[in-house]
Amino acid sequence: MRIKFLSVIMGILLVSVAVSSCLDSDNNYEYSSDATIRSFVLDTIYGKDYKFTIDQLRNYIYNVDSLPVGADSIIDRILIKTIEHSGLAITSGLNDTIFNMADSVNLSEPIQLKVHALDGITIRIYTIQVNVHKQDPDSLIWHEMESLPVSPVTGKPRSVILNEDLYVYTSPTTAYRSSISNPSVLQWDHVTVNGLPADAKLTSLINFDNQLYLTTESGKALYSANGTDWQEMDMQGMQMVTFVAGIPEDNVTGSPKALAGIFVKEGNNHFCTKSIEGTEWVKGEEPIPANFPIEDIYSTVFTNANGIEQVVVVGNTPEASDVTAPWFTMDGLSWVDMSEGAAIPCPGMRNPSIMYYGDMFYVMGGEFDTIYSSIVGLAWYKSEGKFRYPIVKVVENGENDTEIIKEENVFEGKGDYSLTIDNEHYIRIVWNTGEVWCARLNKLGFERQ
């Protein structure tokens with residue numbers, strides 16, 4: 001039942017007058033002007049309680065974590081389980097009727113509730129907004145982008161992000177560049193590359209501290225600040241095999257950023273690093289493990305339980321293996337094989353890439369038939385849910401002219417590729433066919449209130 005608020009106020013005032021007349025007329029009683037909502041709880045949604053935040057400065061009540069897709073059909077008729085307030089009463093609607101907790105409300109659109117203070121004068125109006133996801137937060141959504149002007153690409157393409165541009169190198173003299181400031185559009189410009197020798201190893205290309213680095217088959221190393229013009233580095237006599245990754249600054253130990261690579265010493269490969277502030281290369285004493293990747297290396301960074309950032313890499317090893325082994329490091333000189341002792345190792349594949357994305361590790365590559373995922377990199381499972389490669393539906397004719405609809409993986413068996421991830425969490429894959437695909441996990445694009 002809804003009761004006119006005016007009648008309630010009149011009743012309270014009559015009681016107040018009656019009580020005050022029985023008391024000493026010299027005593028003055030002052031009623032509180034506090035009209036604050038202190039707690040707000042909705043009925044459960046899909047069996048789960050969702051926390052609501054009360055912004056007292058804006059008189060705004062909302063849920064930071066949006067409700068799942070499809071919850072619109074629940075909140076259009078839902079009970080408010082709890083409203084704790086300091087006032088005399090709460091009213092709603094144009095006619096200021098008393099809000100009845102036993103009645104369901106429609107929260108598919110914002111509503112306003114008025115809290116009336118005990119003084120009968122002060123009113124505080126709160127807006128209640130229930131946020132619902134319009135997209136499935138756990139789905140990886142793919143889009144085909146503007147292809148490279150050249151198709152197919154000669155050899156393996158290698159893509160890299162430098163500032164707000166995506167570069168795709170197709171040869172030591174040619175690259176294609178597009179701004180990524182607008183994630184839905186790629187507009188390719190042809191770039192004539194200067195300074196790279198003919199034996200440049202494009203697959204060794206990495207970005208470190210807003211500069212690009214790569215090595216050559218003859219052991220040289222080069223860098224570029226703009227992606228177009230390259231200069232040879234002073235490697236202090238070292239013959240480089242490849243660059244591995246950039247090592248972030250360690251806020252715990254104070255170690256500065258460093259560039260990690262592999263060089264040849266007396267016929268053996270060794271790790272080496274150089275900090276961004278230093279001038280000398282630090283050389284590892286022991287040869288690198290035989291199963292450490294030295295070609296087509298991909299790296300990612302994650303923060304461990306102790307708050308320390310670690311770099312994890314995968315890539316092609318000198319010999320094929322039935323396990324794809326991620327390696328991690330904190331300094332670029334000491335690396336640990338995460339597959340040793342792993343409960344469920346990641347299956348072996350050629351040309352693997354790794355990413356720490358949405359609080360999970362993912363490995364792609366091989367025939368692109370499966371994405372493997374892991375929480376901490378020690379147990380790997382097929383990602384068979386919504387985090388998958390793009391799917392198309394194909395209609396085939398069955399028996400008795402019935403139609404059979406099948407799903408086909410667009411990427412399976414596609415060939416060589418190169419993968420990048422930008423600061424806005426967009427994954428871009430460039431294929432040697434010239435095709436370019438882009439994806440982002442829906443929840444990484446959601447904005448919080």
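Somewhere in the stretch 244-258, is a residue under 30 Å from SER178 (Cα atoms), in contact (Cβ under 8 Å) with a residue 60 or more places away in the chain, of a type in the set (Val, Ile, Thr) and touching a strand residue (DSSP E or B) at 6+ places or on another chain (Cβ under 7 Å)?
For the stretch 244-258, residues under 30 Å from SER178 (Cα atoms), in contact (Cβ under 8 Å) with a residue 60 or more places away in the chain, of a type in the set (Val, Ile, Thr) and touching a strand residue (DSSP E or B) at 6+ places or on another chain (Cβ under 7 Å): present.
Consider LEU419 carefully, then state whether it is among the hydrophobic types (A, V, I, L, M, F, W, C), part of a strand (DSSP E or B) and either modelled with pLDDT under 95 or more than 30 Å from PRO68 (Cα to Cα) (or both). If you could, list the steps in order and put the result at the bottom.
Working: among the hydrophobic types (A, V, I, L, M, F, W, C): yes; part of a strand (DSSP E or B): yes; either modelled with pLDDT under 95 or more than 30 Å from PRO68 (Cα to Cα) (or both): yes.
Yes, satisfied.
Kindly indicate whether any position in the stretch 186-196 is in contact with a Phe, Trp or Tyr (Cβ under 8 Å, 6 or more places away or on another chain), under 22 Å from SER299 (Cα atoms) and not charged (D, E, K, R). I'd like the intermediate steps shown before the answer.
Of the stretch 186-196, the ones in contact with a Phe, Trp or Tyr (Cβ under 8 Å, 6 or more places away or on another chain) are 188-191, 193-196.
The next check asks that each one be under 22 Å from SER299 (Cα atoms); those that pass are none.
No, that holds for no residue.
Which pairs have Cβ atoms under 6 Å, sit 6 or more apart or on different chains, and link a residue in the stretch 349-360 that is assigned by TED's automatic domain parsing to the domain that holds SER339 and closer than 16 Å to ILE294 by Cβ to one that is surrounded by 17 or more Cβ atoms within 10 Å (Cβ to Cβ) and polar (S, T, N, Q)?
Every condition considered, the pairs that remain are PRO352/THR324; ILE354/THR300.
Which residues, taken from the stretch 125-158, are basic (Lys, Arg) and out of contact with any Leu (no Cβ under 9 Å at 6 or more places or on another chain)?
LYS134
Any residue in the stretch 158-178 that is under 30 Å from ILE78 (Cβ atoms), touching a residue at least 24 places away in the same chain (Cβ under 8 Å) and out of contact with any Lys or Arg (no Cβ under 8 Å at 6 or more places or on another chain)?
Let us first name the residues in the stretch 158-178 that are under 30 Å from ILE78 (Cβ atoms), namely none.
Looking for residues that are under 30 Å from ILE78 (Cβ atoms), touching a residue at least 24 places away in the same chain (Cβ under 8 Å) and out of contact with any Lys or Arg (no Cβ under 8 Å at 6 or more places or on another chain), one finds none in the stretch 158-178, hence no.
Just one of (1) in the same structural domain as SER418 (by TED's automatic domain parsing); (2) crowded, with 21+ Cβ neighbours inside 10 Å trips up VAL241, so point out which.
Exception for VAL241: condition (1).
Name the one entry in ASN95, ASN63 that is closer than 27 Å to LYS134 by Cβ and modelled with pLDDT under 95. Give the steps one after another, and end with the answer.
Details: ASN95 fails: closer than 27 Å to LYS134 by Cβ.
None of the others qualify; the one that does is ASN63.
Look at the stretch 98-116 and say how many of its residues are surrounded by 15 or more Cβ atoms within 10 Å (Cβ to Cβ) and touching a strand residue (DSSP E or B) at 6+ places or on another chain (Cβ under 7 Å). Before you say what the answer is, go through the steps one by one.
At the first step, the residues of the stretch 98-116 found to be surrounded by 15 or more Cβ atoms within 10 Å (Cβ to Cβ) are 98-99, 105, 107-108, 111, 113-116.
If we keep only those that are touching a strand residue (DSSP E or B) at 6+ places or on another chain (Cβ under 7 Å) as well, we get 98-99, 105, 107, 111, 113-116.
Of the residues in the stretch 98-116, 9 are surrounded by 15 or more Cβ atoms within 10 Å (Cβ to Cβ) and touching a strand residue (DSSP E or B) at 6+ places or on another chain (Cβ under 7 Å).
Restricting to the stretch 104-150, give me the number of residues that are more than 30 Å from GLY385 (Cα to Cα), assigned by TED's automatic domain parsing to the domain that holds ILE90, under 35 Å from the mean Cα position of the chain (by Cα) and assigned to a loop (DSSP other than H, G, I, E, B).
4
Can you tell me how many residues in the stretch 202-215 are over 27 Å from GLU277 (Cβ atoms) and out of contact with any Asp or Glu (no Cβ under 6 Å at 6 or more places or on another chain)?
So the first thing to find is which residues in the stretch 202-215 are over 27 Å from GLU277 (Cβ atoms), and the list is 202-203.
Still in the list and also out of contact with any Asp or Glu (no Cβ under 6 Å at 6 or more places or on another chain): 202.
Number satisfying all stated conditions: 1.
Mind checking which pairs have a first residue in the stretch 93-107 that is closer than 10 Å to LEU79 by Cβ and a second that is not charged (D, E, K, R), Cβ under 7 Å, 6 or more apart or different chains?
MET101/ILE80; SER104/ILE78; SER104/LEU79; VAL105/ILE78; VAL105/ILE80; VAL105/ILE111
Considering only residues that are part of a strand (DSSP E or B) and among the polar types (S, T, N, Q), look in the stretch 216-235 and name the one that is nearest to the chain's Cα centre (by Cα).
Per the stated criteria, the residue is SER224.
Six or more apart or on different chains, Cβ under 7 Å: which pairs go from a residue in the stretch 179-193 that's in contact (Cβ under 8 Å) with a residue 60 or more places away in the chain to one that's among the aromatic types (Phe, Trp, Tyr) and surrounded by 10 or more Cβ atoms within 10 Å (Cβ to Cβ)? Could you list them?
Taking only residues 6 or more apart or on different chains, the pairs are PRO183/TYR426.
Every residue in the stretch 335-356 that is modelled with pLDDT of 95 or more, hydroxyl-bearing (Ser, Thr, Tyr) and surrounded by fewer than 22 Cβ atoms within 10 Å (Cβ to Cβ), please.
Within the stretch 335-356, just TYR356 meets the criteria.
Could you check the stretch 164-215 and list, in sequence order, the residues that are buried (at least 16 other Cβ atoms within 10 Å of the Cβ) and part of a loop (DSSP other than H, G, I, E, B)?
PRO172, ILE180, PRO183, LEU186, TRP188, VAL193, LEU196
How many residues, within the stretch 119-163, are exposed (fewer than 14 other Cβ atoms within 10 Å of the Cβ) and in contact with a helix residue (DSSP H, G or I) (Cβ under 7 Å, 6 or more places away or on another chain)?
Going through the stretch 119-163 one residue at a time, the tally reaches 1.
Conditions (1) polar (S, T, N, Q); (2) closer than 30 Å to MET364 by Cα; (3) modelled with pLDDT of 90 or more, marked per residue:
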{"position": "VAL244", "(1), (2), (3)": "no, yes, yes"}
{"position": "ASP250", "(1), (2), (3)": "no, yes, no"}
{"position": "GLU280", "(1), (2), (3)": "no, no, yes"}
{"position": "GLU286", "(1), (2), (3)": "no, no, yes"}
{"position": "ALA290", "(1), (2), (3)": "no, yes, yes"}
{"position": "GLU309", "(1), (2), (3)": "no, yes, no"}
{"position": "GLY315", "(1), (2), (3)": "no, yes, yes"}
{"position": "VAL323", "(1), (2), (3)": "no, yes, yes"}
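Only one of (1) touching a Cys at 6+ places or on another chain (Cβ under 6 Å); (2) over 24 Å from TRP437 (Cα atoms) is not met by TYR213, so which one is it?
For TYR213, the exception is condition (1).
The values are calculated or read from the model by the stated rules, or taken from the named source; none is laboratory data. Keep in mind the model is a prediction, meaning the values are calculated, not measured. We place every Cβ from the backbone using ideal geometry, glycine too, and count neighbours over all the protein chains shown.
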